[in-house]
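Asker: Following this message is one structure expressed as structure tokens.
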There are 4 protein chains.
Amino acid sequence: MERGQTSAAGLPATARRTVVVGGHEFGREFVIIAGPCAVESEEQTLTTAREVKAAGAHLLRGGAFKPRTAPTSFQGLGHPALEILQKARAETGLPIVTEVMDARDIETVAATADLLQVGSRNMQNFTLLSELGRIDKPVLLKRGMSATLSEWLSAADYILSGGNERVILCERGIRTFETTTRNTLDLSIVPAAKELSPLPVIVDPSHATGRASLIRPMSLAAVAAGADGLLIEVHPDPANAASDAGQQITPEAFRALARDVRALVIHLRGEVREAGVA
Amino acid sequence: MERGQTSAAGLPATARRTVVVGGHEFGREFVIIAGPCAVESEEQTLTTAREVKAAGAHLLRGGAFKPRTAPTSFQGLGHPALEILQKARAETGLPIVTEVMDARDIETVAATADLLQVGSRNMQNFTLLSELGRIDKPVLLKRGMSATLSEWLSAADYILSGGNERVILCERGIRTFETTTRNTLDLSIVPAAKELSPLPVIVDPSHATGRASLIRPMSLAAVAAGADGLLIEVHPDPANAASDAGQQITPEAFRALARDVRALVIHLRGEVREAGVA
Amino acid sequence: MERGQTSAAGLPATARRTVVVGGHEFGREFVIIAGPCAVESEEQTLTTAREVKAAGAHLLRGGAFKPRTAPTSFQGLGHPALEILQKARAETGLPIVTEVMDARDIETVAATADLLQVGSRNMQNFTLLSELGRIDKPVLLKRGMSATLSEWLSAADYILSGGNERVILCERGIRTFETTTRNTLDLSIVPAAKELSPLPVIVDPSHATGRASLIRPMSLAAVAAGADGLLIEVHPDPANAASDAGQQITPEAFRALARDVRALVIHLRGEVREAGVA
Amino acid sequence: MERGQTSAAGLPATARRTVVVGGHEFGREFVIIAGPCAVESEEQTLTTAREVKAAGAHLLRGGAFKPRTAPTSFQGLGHPALEILQKARAETGLPIVTEVMDARDIETVAATADLLQVGSRNMQNFTLLSELGRIDKPVLLKRGMSATLSEWLSAADYILSGGNERVILCERGIRTFETTTRNTLDLSIVPAAKELSPLPVIVDPSHATGRASLIRPMSLAAVAAGADGLLIEVHPDPANAASDAGQQITPEAFRALARDVRALVIHLRGEVREAGVA
């Protein structure tokens, strides 16, 4: 445990950093990323892309390479999924967020992705992190499912110290004894991370809770906790999704949620402005 | 593990129950409880009571009997603290919340308290719970620090099944591997508890985080997650508090927080109203 | 967290303390406690008592008052169970271990018990601990299911500082994310506790694992880890037990286990003697 | 959570599999792996190799590529370390165990290693696992620090389903709230894993406890729990080790431990034989 170390980049946490992805500035604007857990087909992806765009999402997420616990589970469509994501961007203009699982795939995935995601299981894949430090593309670093804040920030330092300063942190729930939810969403890590690091921090309530009915309250709570954005799984037909069926919400539910998230951001920023707080 | 059981009281979770304490209706109004971790002196308690009253708190908390890990730690003033709390109520009109640790003290503590708190360490003190089921006084049941939702609701059932239906649940953080915060505040348990139980659920960000700087974001997040109230530790001079020095906030910080909590409640209720949601 | 405090009794951990119960000296002899989870009937208890006595158990355990998660679960026979335990002792000569859940029951339970058990859920029932510090009867203090070593030793200090120096610690598994076993048996806490405390430490593999098939390997592992004794649930007909059906073993399995535990203790003590270690 | 799945290799758990590494048969013989956390120099490695060989170790461990939490920590000597390990094998005859962190390094590391280790942080690096499934070299798969048994066995299935059936599991402690030890050694997972999988299971008490004083009791406990081998960190001068200083033991302590482990294995196998158990 090497706690309390200063960031490799040496920036004080108070000097907030912003990260621009496809014209959206994480850390200044509140950014909503939405889309299916996995790219299953062109139709499913384009339908979802149009819906979340209309609802106000800023970026489209969609898994091409899926890290799955068992080798017999659906592993994602792979390269064809990247082509589908490109079509979705061409049509909707939404920048793309997708996961890279292997250092050898960085170039290929980066050719499609506007923001490269490192998943929870790879938070300490130091080879992958180091190589992402050498590219010119922003990285979304998910917290490991049992990573301490210190370990998470150290993982970010592997990317930062390579020279890539465009890192966004994403809380996605930690592993505890509670079984009601898939993981336990640790919202207090959002302000705690901001005390120690200048990086933007967003929240993924979908993987954290594993339950569609909890996405709305946890999204609003993330906003109130000071998150800089949300990553929400949306599927046109959640019940028949190829993965994470229980936690994806419908485009309709997303639309109402995105509207209320925006209103809450405006409310809270007004409040902060009145109070004269930065 | 006996998960999924229905409440002893047999009420569907959707039929929300409200619990009135000193004129305030938990589950309908958003109720803010504030006050020092422990009653240390008449002056400290009365000063705090006046301050939190002026800031808009609805109830006054203050520990008379303190459950402490080590026998050599400050254990609370005991009975003299109850008299001080009575004076604070007489002067400010604030109803009193204080902990009862022993079934034999119920009568004495209930003579002062308007709301009897069962602490985290006693969540499965079944003797205490059973006897609280036989009295005519509302009970605030804190979640055990490693209790599942199912165990917490079962603990509530010990009180409910004795005939006392005025139970309020309080999330106060669970024990995880993360050491940045004292405990991990599990806000997703708020909506999850409401799916299974009709009882009001409030949140204690002070014990959950153990850090004064996190009280404000976690309080706002609790409101957004759907909590019915907050329990916040306030001390006129946190640095010199006899216990929990690191997590108590000043009356001034509380005033700003209470104002923003109220504004957020109004904002969110308006939003819900517009959306036509119940 | 008040870690690293010295024991209230002020003894260095290296000066091992022994605790005599009914002629058996914990901390010098290896002591095996066996018996049913709960006293269900005179026949069940006497049958088990005879069997475990014949197999070499030193003490008989049996629950009269059972702390149960839900109010509708079997709560134990209560006072009649104490009478049955007395009969079992009269017939077999086995000293009795049974749980006391309420400070008001201490006198009654102590009239039957030779060793009073404080259960996991009551490890921080400070009223109960303090009163047990004032009686002249040894106490078996189970570790709380999410208690740190420091908190466990502090709980013991509540008893020790009252003047009762006859305390035996019992590891019974902690709560983790792993669901294969009921709890996770933390055997490293046995030597770790002995580095900080002079008290004997025994192990309960039954509650720790919740699975009959794991009792044998975990019992032997506990011996090898340096435990001073074992607490094992034995039932003449585990499948039809009123509680903990999955983790109780048959008298036959217990007989083979007790034999192998004894042989292992002899083997390990011989090894230690040869090595010239204390 | 995909629990209870059958192994990709389809073998019933009861048909124990053995894995031969450099003439030693895991699953039939009890195999002791020892050596430094990291290869720091030729002298340090050769000294340790000679010592552990003399003490009866069967394989030599030594890290060439070290997964470290922070980018500024010592990352291992890399390729030169592999050459040093080859010299150690040439001189002592001890087969080599070393970690591979990156799929691109498999060929290089496999040219030196007799047993390729997958570390805890890479347990769900599915790319690495899949490629290890295609090579003709045994793999030591450490349990992830928050992996359930089901996830661990699924990770093994990634290797097995590729055609590489020579997989050995290694328990190395899980992450819990307890801070006395670095992790919590979960010995009950040893017999639990054997109920569900035919693979050999060994135990690493060094990383699990993080404390030299606990290595001996936990090693003996692992043997008693049914482990098929041990992985122990030994350093000629633990206090000045470049990593894991607190948990490495001296060659002298290792010698006494290896002797007692052998004696315990003989004792327990004799006991099992007498009892007529397989």
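Asker: Give just the number: which of (1) in contact with a Lys or Arg (Cβ under 7 Å, 6 or more places away or on another chain); (2) within 25 Å of residue B:176 (Cβ to Cβ) does residue D:179 not satisfy?
Answerer: Against the list (1) in contact with a Lys or Arg (Cβ under 7 Å, 6 or more places away or on another chain); (2) within 25 Å of residue B:176 (Cβ to Cβ), residue D:179 comes up short only on (1).
Asker: I've got another one for you. State all residues of segment D:27-45 that are open to solvent by 30 Å² or more (accessible area, probe 1.4 Å) and more than 23 Å from residue D:203 (Cβ to Cβ); if no residue qualifies, say none.
Answerer: Within segment D:27-45, D:40, D:41, D:42, D:43 qualify.
Asker: Determine, yes or no, whether residue B:46 is over 30 Å from residue C:150 (Cα atoms), of a type in the set (A, V, I, L, M, F, W, C), part of a helix (DSSP H, G or I) and more than 19 Å from the chain's Cα centre (by Cα).
Answerer: yes
Asker: Return yes or no: is residue B:237 more than 7 Å from chain A (Cβ to nearest Cβ), on the phi > 0 side of the Ramachandran plot and modelled with pLDDT under 95?
Answerer: The answer is no for residue B:237.
Asker: Pairs under 9 Å by beta carbon, first residue on the phi > 0 side of the Ramachandran plot in segment D:80-95, partner basic (Lys, Arg), six or more apart or different chains?
Answerer: D:93/D:53
Asker: Let me ask something else about it. Starting from segment A:193-211, keep only residues that are farther than 15 Å from residue A:19 by Cα, then list their pairs with residues that are open to solvent by 10 Å² or more (accessible area, probe 1.4 Å) and in a helix (DSSP H, G or I) whose Cβ atoms are within a distance under 7 Å, requiring at least 6 positions of separation or different chains.
Answerer: That search, which allows pairs on different chains as well, returns A:195/B:213; A:196/A:153.
Asker: If you scan segment D:128-147, which residues turn out to be open to solvent by less than 20 Å² (accessible area, probe 1.4 Å), in a helix (DSSP H, G or I) and facing chain A (nearest Cβ under 10 Å)?
Answerer: D:128, D:129
Asker: Separate question: Could you list, in sequence order, all residues of segment D:24-76 that are free of Cβ contacts under 8 Å to residues at least 12 places away in the same chain and either under 16 Å from residue D:86 (Cα atoms) or away from chain A (no Cβ under 14 Å) (or both)?
Answerer: D:25, D:28, D:43
Asker: Okay, next question. Please indicate, with yes or no, whether at least one residue in segment B:254-262 is touching a strand residue (DSSP E or B) at 6+ places or on another chain (Cβ under 9 Å), more than 10 Å from chain A (Cβ to nearest Cβ) and under 14 Å from residue B:36 (Cα atoms).
Answerer: Taking every residue of segment B:254-262 in turn, at least one turns out to be touching a strand residue (DSSP E or B) at 6+ places or on another chain (Cβ under 9 Å), more than 10 Å from chain A (Cβ to nearest Cβ) and under 14 Å from residue B:36 (Cα atoms).
Asker: Just for segment C:114-127: of the residues that are within 18 Å of residue C:31 (Cβ to Cβ) and not acidic (Asp, Glu), which one is farthest from the other protein chains (Cβ to nearest Cβ)?
Answerer: C:115
Asker: From C:53, C:87, C:66, which residue is assigned to a loop (DSSP other than H, G, I, E, B) and open to solvent by 10 Å² or more (accessible area, probe 1.4 Å)?
Answerer: Answer to the selection: C:66.
Asker: Please verify whether residue B:89 is farther than 25 Å from residue B:181 by Cα, within 14 Å of another protein chain (Cβ to nearest Cβ) and among the basic types (Lys, Arg), treating the condition exactly as stated.
Answerer: no
Asker: If you check residue A:111 against the conditions, is it open to solvent by 10 Å² or more (accessible area, probe 1.4 Å), more than 13 Å from chain D (Cβ to nearest Cβ) and assigned to a helix (DSSP H, G or I)?
Answerer: When the stated conditions are applied, residue A:111 passes them.
Asker: Hey, another quick one. Among the residues of segment C:259-271 satisfying the criterion of being closer than 16 Å to residue D:266 by Cβ and among the aliphatic types (A, V, I, L, M), which is most open to solvent (accessible area, probe 1.4 Å)?
Answerer: This residue is C:266.
Asker: Cβ-Cβ distance below 6 Å, separation of 6 or more or different chains: which pairs start in segment A:243-266 with a residue that is over 11 Å from residue A:233 (Cα atoms) and end on one that is open to solvent by 40 Å² or more (accessible area, probe 1.4 Å) and of a type in the set (Asp, Glu)?
Answerer: That search, which allows pairs on different chains as well, returns nothing.
Asker: Next question. For segment A:3-22, what are the residues that are modelled with pLDDT of 95 or more and open to solvent by 60 Å² or more (accessible area, probe 1.4 Å)?
Answerer: Once the filter is applied, which keeps residues that are modelled with pLDDT of 95 or more and open to solvent by 60 Å² or more (accessible area, probe 1.4 Å), segment A:3-22 yields only A:20.
Asker: Would you mind listing the helices (runs of 4 or more DSSP H) fully within segment B:148-228 where at least 2 residues are of a type in the set (A, V, I, L, M), at the interface with another protein chain (Cβ under 9 Å from one of its Cβ atoms) and crowded, with 22+ Cβ neighbours inside 10 Å?
Answerer: It comes to B:149-160, B:189-196, B:212-225.
Asker: To continue, here is another question. When you go through A:245, A:256 one by one, which is the residue that is open to solvent by 10 Å² or more (accessible area, probe 1.4 Å), of a type in the set (Gly, Ala, Ser) and either part of a loop (DSSP other than H, G, I, E, B) or closer than 28 Å to residue A:73 by Cβ (or both)?
Answerer: Answer to the selection: A:245.
The values are calculated or read from the model by the stated rules, or taken from the named source; none is laboratory data. As the structure is a computational prediction, the values presented were derived from the model and not from experiment. Don't worry about glycine lacking a Cβ; one is built from the backbone with ideal geometry, like all the others, and counts go over all protein chains shown. To get the accessible areas, we keep the full protein, side chains included, count just its heavy atoms, and leave off ligands, DNA and RNA. Shrake-Rupley method; radii C 1.70, N 1.55, O 1.52, S 1.80 Å.
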